[in-house]
Amino acid sequence: MSNRLASSIGALALKNPVIAGSGEATMTESGIRAALAAGVGAVMAKSTNESEAAKTQLNHTDYMLLDSRWKPIPWSDQAPADAQLFCRSGLQPENFDSWLEKLARLDQEAQQQGSYVIGHLILNDVEKCAQMAERMQEAGLRAITVLVAAVHGDQAAKGAIAMIRDPQGIRDVVGALRKRVRVPLWIKLPGQTEDVSLLAAAARDAGADAVNFIDRTLAMVPDLETRAPFLGTIAALGGTWSLPIACRWLAQTRKRLGPDFPLIGTNGARDGYDVARMLLAGAHGVEMTSAVMVHGVGVLATAIQQLDSYLESQGVSAQDIIGEAADKLTAYTDQPSRPGRWKSFINPEAVD
Ligand SMILES: Cc1cc2nc3c(=O)[nH]c(=O)nc-3n(C[C@H](O)[C@H](O)[C@H](O)COP(=O)(O)O)c2cc1C
């Protein structure tokens, strides 16, 4: 692959901006190895934390695919790219010591391949999170992500997941972690909040090296056949529709924080063209999670090829396009005045 794909997230040079996102596909050694073999710039390991309740949550998971009209469709690698993934997920159930030993070994393997395995934590107790992050860096992991308000937190058992969704809360948590974590510290932010860019600013001000966003959305989907909710609960939803929302927050965060602070895009990327879209919106790296769960790690290799051929056809590099579309955003009032444009939507037969 050409070096037109190269990107970086702060001090970490990425061979390409495609990242295998944290999820069930990165919960095992073989899953992480397969993602590395697909050639990604980095792999986000499945998240863990200290809570037993969070670990047992994995026994209550369920997953389904819906088409764009909310009809269930078979779980298959032949599912359309716009299938929506509706699910309850849980956390890595493995004992932390053995998981950490695997991650450290896998990150060394990743290093041989010019890639990274990123340690991933979901916040519960801040002190325990800091201790686990310290253990990760002592084990040799070269970067750590902490998700501060996992989408399932509101529905999960009490004491499993903390939900930090306000700027002061983010400043406090990130400040506490930063005092203990020397390696790059990336903070994953929720989408279900008033203004993601304010949370990103708080994370940066408290010492985060990058922010990833946005996490998925809680939803409820009634089943017309059974007249009950699909999966029996509120659960997390994502689909191709999530991409423009993630792009909006990437662009607005870039505007607030400037072009140099690294942003990592997640939520809605299904192929290499979506990766390019998130780069154009301001991402320095882009995670793909649902696409890998549904279609397998092959989507990662294909995405890298698609991104490369897109960049070649445009005569640009990945670095060149980061934030390019975001920086071309204008205000409503900057758009030319077109009086009467709205009139085309009025029924001519309507009488006032
Ligand atoms: C089944 C499933 C499990 C997930 N587990 C985690 C997790 O453990 N930690 C985390 O930070 N994000 C987790 N996520 C969120 C993804 O990493 C990602 O941010 C989200 O799915 C949006 O990206 P996508 O559209 O590429 O799937 C999970 C998502 C799914 C669908």
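Nothing in this text is a laboratory measurement; each read-out follows from the coordinates by a stated rule. Being a predicted model, the structure only gives us computed values, none of them experimental. Note that we place each Cβ from the backbone using ideal geometry, even for glycine, and neighbour counts take in every protein chain shown.
Between beta-carbons, use under 12 Å as the cut-off and find the net charge around LEU231, counting Lys and Arg +1, Asp and Glu -1.
-1
Quick one: length gained pulling PHE96 to ASP195 fully straight, 0.36 nm per residue minus the C-alpha distance?
32.3 nm
Suppose each label sits 7 Å from its Cα in the direction of the beta carbon; what would the LYS255-GLN111 distance come out to in nanometres?
Those two pseudo-labels are separated by 4.2 nm.
For the chain, what does -39500 (n - 2.57) per DSSP helix run (n ≥ 4), summed and divided by total residues, give at 222 nm, in deg cm²/dmol to the nearest 500?
Helix-only estimate at 222 nm: -10000 deg cm²/dmol.
State to the nearest 20 debye the size of the charge dipole of the chain about its Cα centre, where the only charges are +1 on K and R beta carbons and -1 on D and E beta carbons.
460 debye
Going by how many other beta carbons lie within 10 Å of each one, how would you line up ARG204, ARG256, fewest first?
Ascending Cβ contact count within 10 Å gives the list ARG256, ARG204.
Taking every pair of distinct Cα atoms and averaging 1/r, then inverting, what Kirkwood hydrodynamic radius in Å comes out for the range 200-352?
18.1 Å
What Kirkwood hydrodynamic radius do you get for the chain when you take the inverse of the mean 1/r over all pairs of distinct Cα atoms, in Å?
Evaluated on the chain, it is 20.7 Å.
Report the label-to-label distance for THR61 and LYS158 in nanometres (one decimal), using points 7 Å from each Cα along the Cα→Cβ vector.
So the two model labels end up 2.6 nm from each other.
Extension gain ASP125-LYS71, at 0.36 nm per residue separation less the Cα-Cα distance, in nm?
Value of the extension gain: 15.6 nm.
For the range 1-96, build the convex hull from the C-alpha positions and give me its volume per residue in Å³.
Considering the Cα atoms of the range 1-96, their hull volume per residue is 152 Å³.
Please give the contour-minus-distance gain from GLN335 to ASP172: 0.36 nm per residue of separation, less the Cα-Cα distance, rounded to one decimal in nm.
Gain in length upon complete extension: 54.6 nm.
Lysine pairs, Cα distance under 22 Å, 8 or more residues apart or cross-chain: how many in the chain?
19
Could you check the simple spin-label distance between LYS328 and THR302, using points 7 Å along Cα→Cβ, in nm with one decimal?
2.7 nm
Order these peptides, 53-64, 205-216, 172-183, by their mean beta-carbon neighbour count within 10 angstrom, highest first.
205-216, 172-183, 53-64
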